[in-house]
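Just so you know, all these numbers are worked out from the coordinates, no wet-lab data involved. Keep in mind that this is a model prediction, so the values were computed, not measured. We place every Cβ from the backbone using ideal geometry, glycine too, and count neighbours over all the protein chains shown.
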Amino acid sequence: MNTNSFLYKLSHHIIYNLSVSTDNVTIILPSKRAKIFLTEALKNTITKTIIAPEIISIEDFIQEVSQIRSLDAIEVLFQFYEVYTQIEKSPEEFELFANWGKILLQDFNEIDRYLLDPDKILKYLENIKEIEHWAVDVDKRTEMIEKHLLFWKKLPHYYHTLYAHLLKSKKGYQGLIYREAKKNIESFAKNTTKTYLFAGFNALNKAEEHIFQQMLLQDKARVFWDIDEAFLNDPFHDAGLFARKIKSEWKYYKNHPFEWINNTFSEEKNIQIIATPKNIGQTKLVGSIINDISISNVKLENTAVVLGDENLLLPILYSLPEAIGNVNITMGYSSKNNPIQLFVDRLFKMHTNAVSRQGKQYVFYYKDVLDVLHNPLTTNLFDAEKLSSLIKRNNFTYFSHQILFDLFQDRNDFFELVFAKWDNSSLDILERINTILLKIKSALDYSKEDEKITNAFVYSIYLVINKLINYYTKNIFSEKIETLYQVYKQVVDIAEVSFEGEPLEGLQIMGVLESRTLDFETVIITSVNEGKFPSGKSNNSFIPYDVKREYGLPTYKEKDAIYTYHFYHLLQRAKNIYLIYNVDSDGFESGEKSRFITQLEVEKKSKHTITHHLYNAMVPAKVSNTMLVEKTESILARLQEMAQAGFSPSTLTTYLRNPIQFYFQRILRIKEVDEVEENIAVNTLGTIIHGALEVLYTPYIGKILIEKDVTDALLLVEQVVFQKFKEIYKEGEIKKGKNLLAFEVAKRNVINFLKYEIEQIKNGDQIQIIALEETFERVFEHKNISEKIIIKGNVDRIENRNGTIRIIDYKTGKVEQKDVTLTQWENLLKDSKYDKIIQILAYAFMYSTHTKGLPIEAGIISFKNLKSGFLPFTFKEDKISTTIISDEIMDSYLDQIAILINELFDLNIPFTEKEN
């Protein structure tokens, strides 16, 4: 153990310098966790068996003096609401009350800790609010203003009623316990036979100051501070602000020495100040530093990672090298970011939304369900992937609770617990959530370090739910799920996760406050940014700044001084120091390094080595190499299988666009993952339009179209388009939002096409529909091809128009004439922009044996360019253009397709990824 540490010095003093027996000594520390480290220091200091002194936290001591049990923040909030509902005839709902109740309790707590007269402070607030409304005549004040002013008048009544209520039950919040301890301390000090040692304190509230001084004056205590002379003797250094004040103002120190003043900060230190972009950069850097330390065989027990921003805890845990062994976490982690809390919150959201669907009964929204299914902590408790796949395959956006149960037959207990209707009382719902949490807990593997951490997350939410159960058992609340959800959110907002570990082993990860009294040789501090460390001017209080200054309540100035002390105490005995800050200014992050870093640089000690670094996480110059897959005999066999079944035009164009995509989709037959289409995709919209036109024109196949045929079809457009939507979009919602717009777009496209057709008929075109959405195939024979190849595909429409066979491919996107015009056959395979030409000429090739000698055209009708009408394939050579597909044109086309197919079957040409 570090013999230079404060706790080692304290243990040495207790064993060798105290004039009283250790069994009659009680040591009081700022935190419970410091007890473990002091006990270890005592074990390493003693040379013979002794009765260990009692070691307690300041909180425990204050409770002992006051004889009042401490309540946590959640219980105090519930007690306050109970008092509030007794005072008010028409009280607000809990979720509204909690918004201001939490802030008011913090102010009550500060008033009591600093031993102020609550009536004076709270009356001051009332007067301020009255002054704010001077501009409004008394006769003209609205009911809202009167209610607002009445609220401030009632604050003293709220305070005294709550105080009396808690005092009667011998329970209280921290400030109340301190105020009562102050009343009892003189009697306690006179009657105790023990010697009390207060150690490692810095900033004290007024109640603590009074208690400490009473114990000193009664000669029942000694106080061991831990301040460096560099801070104490500098009148402007905030790290010594409180120590200077205590040393100069306390009567005890007029005749007694101020213990202990150290001179360790000026010793040799290696300080590395490292800027890195974003929080992820900080977490990666911490992992890299820890890895270097572990490789150098330095004991990690003497290394601490101190989080200036406690939200970095989980990313840092995932960034640590696996080989480091034990990790001890010492911090109060907010339950708002607890992964289990996120699961419970999504559970509430799913059921709350299910209940609130207007005009429907218990209807789930697919995103709410998928959020619950995809939580990594619960996916192994039921077949989440299978259920997720069913939802996506059926394209459910909104679906009833019953459909979910009918759809998914592989239900287990956990599925029933999660998705069963919340139509019972709030107590039943809370009990169900408790059971869910116990199921999650029972599935954890405690041999894994990360699952031990998960257990701490589960337990913290389990406590929150149990407190809600206890409170709902004793009180009547609205039974609405929405109310329960809001109550849960208010309560979990003030809950914390407590981690349990072995503090004496492995790497120490802690928050800033947990570092009190502890010393480490190597210290890594993250988020040393303005607004993070120190936290800046946050004022979560009803008491204005000037009132706080007037009455001696702590302001941001004092809070900054507390953080300054903690920061410099971490550095005081450390030898290797890493100060990491986020240099990126995106979003709410300022990217400004903390003033503490600047202060270190300006006040640099002669033995301090300060270096600056910029760290960028290792990013490869190229994200990935171009993918390349060599052809094998099995791939050739698959190609031959495809060739005999029929290459479709889209298969050929897929290869032309990207051979790797062709390999995945056609050779390996890997399909894209099903996704729920909440908003209709472009390809789905195209399928609907194709299907609607097929239905509308099918009755007229083989006959000459007349104007009445098309006008009759116009009357059926809405019905047919709706029918196609239901067939293709399945359970998707189509009657509102973007989907309603898509429905109208599809309908408008079909109507515009029919109107275009009527116009053509009126202009004298004679149109006979030959085929709609029909599949054709033809053997591809070429002198350069030895394989048997079949070209096979589905043609949107074939017609005889004015004695010419016209093959039409519908496109919902925008296509222009230039996209289907070619000037040189050698260009056809060089650029994927000609894929439409390859496609429509393939249709012409397949159908050319059925033309009965009639000329043939092939082209596109673009719904986004309908004014241009039919866009035929055009071959342009020497300023001469032709749209008729002659034998010469077809032969030239087939020569190019032969080149493409030969390349496809060539073993020496791998599938190579094309970069977009």
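Counting helices only, and only those DSSP H runs with n ≥ 4, report the 222 nm mean residue ellipticity of the chain as the sum of -39,500 (n - 2.57) divided by its residues, in deg cm²/dmol to the nearest 500.
Numbers: 34 runs with 440 residues, N = 916.
Value at 222 nm, helices only, nearest 500: -15000 deg cm²/dmol.
Please determine, in degrees from 0 to 90 and to the nearest 10, the orientation of helix 717-729 with respect to the longest principal axis defined by the Cα atoms of the chain, where the helix direction is its Cα long axis. Between the helix axis and the principal axis of the chain, the angle is about 60 degrees.
Bridge orientation summary for the range 684-898: considering DSSP beta bridges with both residues in this region, about 75 percent are antiparallel.
Gln67: net charge of surrounding residues, Cβ under 10 Å, Lys/Arg +1, Asp/Glu -1, itself excluded?
Taking every Cβ under 10 Å from that of Gln67, the sum is 0.
Counting beta carbons within 10 Å around each of Ile211, Ile543 and listing the fewest first gives the order Ile543, Ile211.
Please report Trp152, Trp100 as a ranked list, fewest other C-beta atoms within 10 angstrom at the top and most at the bottom. Display every interim value, and only then the final one.
Working: Trp152 18, Trp100 12.
Fewest-to-most Cβ neighbours within 10 Å comes out as Trp100, Trp152.
Counting neighbouring beta carbons within 10 Å and listing from fewest to most, the residues Met846, Met627, Met215 come out as Met627, Met846, Met215. By how many degrees, between 0 and 90 and to the nearest 10, does the Cα long axis of helix 556-572 differ from the longest principal axis of the chain? The helix 556-572 is inclined about 90 degrees to the chain.
Neighbours of Ala199 by Cβ distance under 12 Å: Lys/Arg scored +1, Asp/Glu scored -1, total +2. Looking at the chain only, what percent of DSSP beta bridges run antiparallel? Nearest 5 please. If we restrict to bridges inside the chain, about 35 percent are antiparallel. In the chain, the longest principal axis of the Cα atoms and the axis of helix 481-492 are about 50 degrees apart.
Under the convention that each Lys and Arg Cβ holds +1 and each Asp and Glu Cβ holds -1, the size of the dipole of the chain around its Cα centre is about 1500 debye.
Phi angles across the range 388-402 convert, under the Karplus curve 6.51 cos²θ - 1.76 cosθ + 1.60 with θ = phi - 60°, into 3J(HN,Hα) values of 4, 5, 4, 5, 5, 5, 8, 6, 6, 10, 10, 8, 6, 4, 5 Hz, Gly and Pro given as x.
Tally Lys/Arg at +1 and Asp/Glu at -1 over every other residue whose Cβ is under 11 Å from the Cβ of Pro649; what's the total?
Result for the local shell: 0.
Can you grab the distance from the C-alpha centre of the range 52-89 to the C-alpha centre of the range 791-863, Å, no decimals? Using only Cα atoms, the two centres lie 82 Å from each other.
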